[in-house]
1. For the list (1) surrounded by fewer than 18 Cβ atoms within 10 Å (Cβ to Cβ); (2) not in a loop (DSSP other than H, G, I, E, B), I need the number of the one condition that residue 155 fails.
2. With (1) in contact (Cβ under 8 Å) with a residue 24 or more places away in the chain; (2) surrounded by fewer than 20 Cβ atoms within 10 Å (Cβ to Cβ); (3) within 22 Å of the chain's Cα centre (by Cα) as the list, and residue 264 as the residue in question, which single condition is left unmet?
3. Looking at the range 183-197 only, could you name the residues that are part of a loop (DSSP other than H, G, I, E, B) and within 20 Å of the chain's Cα centre (by Cα)?
4. Restricting to the range 408-455, what's the tally of residues that are outside any helix (DSSP H, G or I), at pLDDT 90 or above and crowded, with 19+ Cβ neighbours inside 10 Å?
5. Taking the options 280, 326, 365, name whichever one is out of contact with any helix residue (DSSP H, G or I) (no Cβ under 6 Å at 6 or more places or on another chain) and either loosely packed, with under 14 Cβ neighbours inside 10 Å or closer than 20 Å to residue 164 by Cα (or both).
6. In the range 344-369, what residues are under 19 Å from residue 178 (Cα atoms) and free of Cβ contacts under 8 Å to residues at least 12 places away in the same chain?
7. Just to check your reading of the model, which residue among 180, 137 is part of a helix (DSSP H, G or I) and either closer than 30 Å to residue 263 by Cα or outside the structural domain of residue 396 (by TED's automatic domain parsing) (or both)?
8. Inspect all residues belonging to the range 301-312 and state whether any of them is assigned to a helix (DSSP H, G or I) and without any contact (Cβ under 8 Å) to a residue 24 or more places away in the chain.
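The values are calculated or read from the model by the stated rules, or taken from the named source; none is laboratory data. Only a predicted model underlies this, so the values are computations on that prediction, with no experimental measurement involved. Every residue, glycine among them, receives a Cβ derived from its backbone with ideal geometry; neighbour counts consider all protein chains shown.
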């Protein structure tokens, strides 16, 4: 590939050498690629990309210059910088016989793919991330039992609210993780780099932040639960607190990465088979154990694969009648789930698992199909990973502080702890972003990466 600072755009030879003028849209077989290229240049200009135009074959330079001239005229002003390159000789040259289908876009490297994805974040995806992380923090503020979070009774409305959205919180997070993975999937020749990146991004913060969490729990009064310092080495094999998600997600990336690398997800049929196997494993959980987060890995795997498929085979998601099918099913599923919470219906263990799994999948499909964006939520979603890692310090600190000054009203505690659990991790991430060691240990970011880096 050509080495540039951003993106290479290539097209086949559009005009013969002896044509002094050369038409703007030359031969019919090349009109599509050239017109599409021009539109792409205009669109990319607003992402701030440095665009390198690489002509292929004799006579292409003339059309290329006209292409750029039209582009500059249409763009008028903006952040992109354009450069016209003749570097098509020697070992970097691509055959002039390049087909029209192959002539549209070539990204220079996996690194460049990452920078492009970071530069052009999808606000609709970040909006859903924002929803997921707020639901997660709210759930942890309330607590899953009378001995956690706000210590609300199991028959209270607060606990009912926690259970009512339990089917959505972590499945939504995981589907988005799979969706984002497919923006930058594992590539041939980059397997080791992919694995190193996931270890750095997931496991390094897991071990460091969970250790810090245990140490703080051991000395701060008023927290729920303590882990003996002598048991601290056990978190190497038995994930502690909410940090199980990082451990399990690392396994999911490993399983999906291997399957993807060897073509296991290369067609809709193969992806569907893989998703079916993952659902069966999630329900049966063979050798399921919290050790090494094996059971949790089974739980996350179907949702992650669903996210991969929703991006890779987007036609499944964007079919015109998707909403007409999804929403009635979602309403029916929610009503059944609420009926079970009110003891109007007592499902068996299998029925309960089938219902919550179905709701988790159909609910995330609905949100991705709507594809709305709201900037405040998108801004929160951009920091969702740091919020997940660090929110407990804000929520627990706010709750303990309010109780110390005599404020115990559940509504007040909930709102203040929720805001603290979302806002403080964002401020902390901004503060440590310029400290390479802390960026690495607490957020898993490369010391050289920017704050826009995602998992």
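1. In the conditions (1) surrounded by fewer than 18 Cβ atoms within 10 Å (Cβ to Cβ); (2) not in a loop (DSSP other than H, G, I, E, B), residue 155 misses (2) alone.
2. All conditions pass for residue 264, except number (1).
3. Of all residues in the range 183-197, those part of a loop (DSSP other than H, G, I, E, B) come to 183-190.
Answer for the range 183-197, where residues must be part of a loop (DSSP other than H, G, I, E, B) and within 20 Å of the chain's Cα centre (by Cα): 183, 184, 185, 186, 187, 190.
4. Summing the residues that are outside any helix (DSSP H, G or I), at pLDDT 90 or above and crowded, with 19+ Cβ neighbours inside 10 Å in the range 408-455 gives 2.
5. The match here is 280.
6. Passing the criteria: none in range.
7. From the options 180, 137, the qualifying one is 180.
8. Let us first name the residues in the range 301-312 that are assigned to a helix (DSSP H, G or I), namely 301-312.
If we keep only those that are without any contact (Cβ under 8 Å) to a residue 24 or more places away in the chain as well, we get none.
There is no residue in the range 301-312 that is assigned to a helix (DSSP H, G or I) and without any contact (Cβ under 8 Å) to a residue 24 or more places away in the chain.
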